[in-house]
Structure formats: structure tokens, C-alpha cells
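Read-outs: derived from the displayed coordinates by stated rules, not from any lab. Since the model is a prediction, treat every value here as computed from it, not as a measurement. Neighbour counts run over all protein chains shown; Cβ positions are idealised from the backbone, glycine included.
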Amino acid sequence: MTAIHPSILSADFANLATELSRIPSADAVHVDVMDNHFVPNLTLGLPVVKAIRAATSLPLDVHLMIDDADRWAPAYAELGSESVTFHVEAAARPVQVARDLRSHGARAAMAMKPGTPLEPHLSLLSELDMLLIMTVEPGFGGQSFMDEMLPKIAAARKASEDLGGRIAVQVDGGINRETIMRAAEAGADTFVAGSAVYSADDPEAAIAGLRRLAGC
Ligand code: DX5
Ligand code: ZN
């Protein structure tokens, strides 16, 4: 099932409630949490994600680009996020983090940077509900999709199918009308799009266009 998750990183942070109301057909809102350590950029944290939770009825897909995921991730599940994604590079005990997330009622998701290989982490998959293959270096919106990630997306899809297809394969970074078909053909089913949605005059039309292309 194709899912489109607009990223509010490209939205107007001074008017988040209004910006959230512009994407009613989104399958979830992608919220990028950055700590200025795991990635060079700094965005928002728990108090703002709580406020976002209260401001929309859409499911929240929280993408944690922060160090010490073991310590901080569960609180994002506890506040009512539908899914919480931690980076494998930032977790000391990823299995425990995934179990903590699920025990707080969230889907557990794990992300990997472009340079992190999938194979050494395949044994973790049974603990997860979603795998995020980063298609840019995490930290900033508006970067170009890395075509060299297509084989990794395909490997993630195969690994998911080997486990019955239960695990969603998400891509994040540079997804737009030009790139989404390639990512979909490689096996992604869940698409984060920041600038492609929020830089459009009509975000709802942008979502519909992406959904149509991903379904091809
Ligand atoms: C980047 C973030 C993305 C970002 C994507 O590190 O994780 O979610 O918002 O932005 P676009 O879609 O513009 O590449
Ligand atoms: Zn993201």
C-alpha cells in the first residue's frame, strides 16, 4: 500500500497548525527531529511534537535524527506518535529501542544513512514495522535523490518479503515527481516528501500527483 508522508521540515514553522491543515489527504505527517549532534541541523523536540500531536488528527511519523536514541525515543511513542524512527547509527541497543517503542503503542522503525550497509542489520528486521532507507544524507530538506540507493531499497524490499511483506520500506530525501517512480519500482512503499509537497502552490495536488506516480 502506497503511503505519502509530507515532511513539515519544508513547512512554515511559524504557522504549523495552518500548514498541517493543508495536507488532509496525507497518510501521516513526517516530523524531523534533529539535535545538532547526530546531524548538523537543529529543528524541534518533545514539546513541539506534543503540540503538533494536539494540532492534527493525522498520524505522526516521527523521524529522530538524534544521538542516544535509547534514552529519548520512547517518549516520542508515549505522546501518541503512530510510528517512531530511530537511526541504527545512534542506538546502542536497537532491539531494546524497538521493543520500547512497541510497548508504548507505536510502530517501531529504524533508519539508515546512505553509507550504512543493510546486510549487517537484517537480523533486527523481525523487531521492526518499518525500515527507512535514507536517499540523502540526513540533515536538510531540498537535496537531490541518490540513485545509488536504489539497490539498497530493492534489498530492503526483498528482506521485507522474506518476512511476509509486513515491514514497510520508507524512503526519505529528494522524493519528487521525477524520482518517486524509481523508488517505487525498486520496492519502496512509503514516501517522505518535504519540498515536493510544501514548495507546491497546492500541497494536496502535489500529494495526489506523487500518489499517482508511485502507484504506477
Ligand atoms: C532530511 C529529512 C527529510 C526532509 C526531506 O534529513 O529527514 O525528511 O524533510 O526533504 P525533501 O523531501 O525536500 O528532500
Ligand atoms: Zn525525515
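Brief remarks on what is shown
- Cβ pairs under 6 Å, 6+ apart, first in segment 33-61 and surrounded by fewer than 17 Cβ atoms within 10 Å (Cβ to Cβ), second in a helix (DSSP H, G or I): L46/A75; A55/A17; A55/L20
- Per-region count, segment 89-123, residues under 19 Å from T190 (Cα atoms), touching a His at 6+ places or on another chain (Cβ under 8 Å) and not small (G, A, S): 3
- Looking only at segment 166-196, residues that are in contact (Cβ under 8 Å) with a residue 24 or more places away in the chain, near ligand 1 (Cβ under 8 Å from one of its atoms), surrounded by 24 or more Cβ atoms within 10 Å (Cβ to Cβ) and within 13 Å of I4 (Cβ to Cβ) come to 5 in all.
- Qualifying residue in segment 89-111 (condition: touching a Phe, Trp or Tyr at 6+ places or on another chain (Cβ under 6 Å), away from ligand 1 (no atom under 14 Å from the Cβ), acidic (D, E) and more than 19 Å from I175 (Cβ to Cβ)): no
- Number of residues in segment 9-27 that are within 16 Å of ligand 2 (Cβ to nearest atom) and more than 10 Å from T56 (Cβ to Cβ) equals 5.
- Entirely in segment 119-197, the strands (runs of 3 or more DSSP E) that have 3 or more residues that are touching a Lys or Arg at 6+ places or on another chain (Cβ under 7 Å): 130-134
- Of the listed requirements (1) surrounded by fewer than 17 Cβ atoms within 10 Å (Cβ to Cβ); (2) within 15 Å of ligand 1 (Cβ to nearest atom), L122 misses just one: (2).
- For the condition of a type outside the set (K, R), within 13 Å of ligand 1 (Cβ to nearest atom) and crowded, with 19+ Cβ neighbours inside 10 Å, I66 qualifies.
- Selection of segment 198-210 for residues being in a helix (DSSP H, G or I) and more than 16 Å from ligand 2 (Cβ to nearest atom) yields P203, E204, A205, A206, I207, A208, G209.
- Selection over segment 72-95 of residues that are within 17 Å of V48 (Cα to Cα) and part of a helix (DSSP H, G or I) gives a count of 7.
- Checked against (1) over 16 Å from I133 (Cα atoms); (2) touching a Phe, Trp or Tyr at 6+ places or on another chain (Cβ under 8 Å), D70 meets all criteria but (2).
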